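Below you'll find the structure, written out as structure tokens, and then a few comments.
Just so it is clear, none of the values below were taken in a lab; they were calculated from the coordinates. Here the structure is a predicted model, which is why all the values come from computation and not from measurement. We place every Cβ from the backbone using ideal geometry, glycine too, and count neighbours over all the protein chains shown.
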Amino acid sequence: MLYSDKVMDHFMNPRNVGKIDDADGVGEVGNAKCGDIMKVYIKVDNDIITDVKFNTFGCASAIATSSIATEMIKGKPISEALKLTNKAVVEALDGLPPVKIHCSVLAEEAVKAAIADYYKKIGKEPDPEIFSCTGCCESCGAEGAHSH
């Protein structure tokens, strides 16, 4: 399996690894088939994601997609972070092998799950149009936003 230099870089030197103890939002998603589990923590100040960390248990692609996704939303307004797509994650990594595309979907869903968790904590109702389940996360079987 051939990985781009960017995938290898984010796998070997992942950015934003860790945990935020007093996170404003935490999202965890997983895929039982491949065993990948991603947990994303966000700090929000004045609607801006001021800090983001992740813990991922999974393959090189899962770690790389988590790493680049956190880079792509750090310092951005929530409205912009919500527009993050798995396609944008794949493009930012200069591509992924077809069998690893699901990792980019998990990265997108982990970010959205963290934002949905933040919304719940501040009493804001997550928009079902944005937080709809793509079905890739088997651990919840829920319709709508993930919150494990």
*Report, by chain and number, residues whose modeled amide H sits under 5 Å from the one on VAL44, excluding near sequence neighbours (fewer than 5 apart, same chain).*
ASP24, THR50
*Could you line up THR85, THR65 from fewest to most neighbouring Cβ atoms inside 10 Å?*
THR85, THR65
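Over the chain, what is the mean sequence separation of C-alpha contacts under 8 Å (at least six apart), divided by residue count, expressed as relative contact order in percent?
On the way: 308 pairs, mean separation 42.2, N = 148.
For the chain, the relative contact order is 29 percent.
Could you tell me which of the pairs LYS33/LYS76; LYS83/LYS121; LYS33/LYS124; LYS100/LYS124; LYS6/LYS121; LYS6/LYS124 are separated by over 29 angstrom between their Cα atoms in the structure shown?
From the list (LYS33/LYS76; LYS83/LYS121; LYS33/LYS124; LYS100/LYS124; LYS6/LYS121; LYS6/LYS124), the Cα-Cα distance tops 29 Å for LYS33/LYS76; LYS33/LYS124; LYS100/LYS124; LYS6/LYS121; LYS6/LYS124.
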*Going by how many other Cβ atoms sit within 10 Å of their own, how do SER104, SER79, SER67 line up, fewest first?*
SER79, SER67, SER104
*asked:* Using a 7 Å offset from the Cα along the Cα-to-Cβ direction at both ASP21 and ASP94, what is the distance between the two label points in nm, to one decimal?
replied: 3.9
*Treat the count of other C-beta atoms within 10 Å as a stand-in for reagent exposure and order GLU125, GLU109 from fewest to most.*
GLU125, GLU109
_Using the alpha carbons of region 5-121, what is the convex hull volume per residue in cubic angstrom, as a whole number?_
85
_Cα-derived Rg to Rh of region 50-91, Kirkwood definition_ = 0.97
